[in-house]
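Working notes, beginning with the structure itself.
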Amino acid sequence: MQSQNPMIADFVKLVNGAAGTFAGMTREARESARERVKETLGGLDFVSREEFEAVKAMAAKAREDSEALAARVTALEAKHKL
């Protein structure tokens, strides 16, 4: 059942228009925030998982080599003192 009162019809149109405008503003604000986050994160230097794993493996190998060399130096020092 529709109201014949033009004032109510105008009010309903106004509310529908405001709701549409608010929805558009919300969507635009969300897209704007998403773009800002992309720009901010784009400027940061992130590494890929593969690069991280490669550097991690290199560090582990360097640590092993360092420990082996330290043991070798200790053995040579002990031999030299005799």
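All of the numbers you see were taken from the coordinates with simple rules; none came from a lab. If you're wondering where the values come from, they're calculated on a predicted model, not measured in any experiment. Cβ atoms come from the backbone with ideal geometry, glycine included; neighbour counts cover every protein chain shown.
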Using only the alpha carbons, work out the radius of gyration and Dmax of the chain in angstrom.
-> 34.7, 114
Cα centre as origin, Lys/Arg/Asp/Glu Cβ charges: the chain dipole, Debye | 220
Convex hull volume of segment 1-45 per residue (C-alpha atoms, cubic angstrom) | 40
Based solely on its DSSP helices, what 222 nm [θ] is calculated for the chain when runs of n ≥ 4 H residues each add -39,500 (n - 2.57) and the sum is averaged over all residues, nearest 500 deg cm²/dmol?
-> -31000 deg cm²/dmol
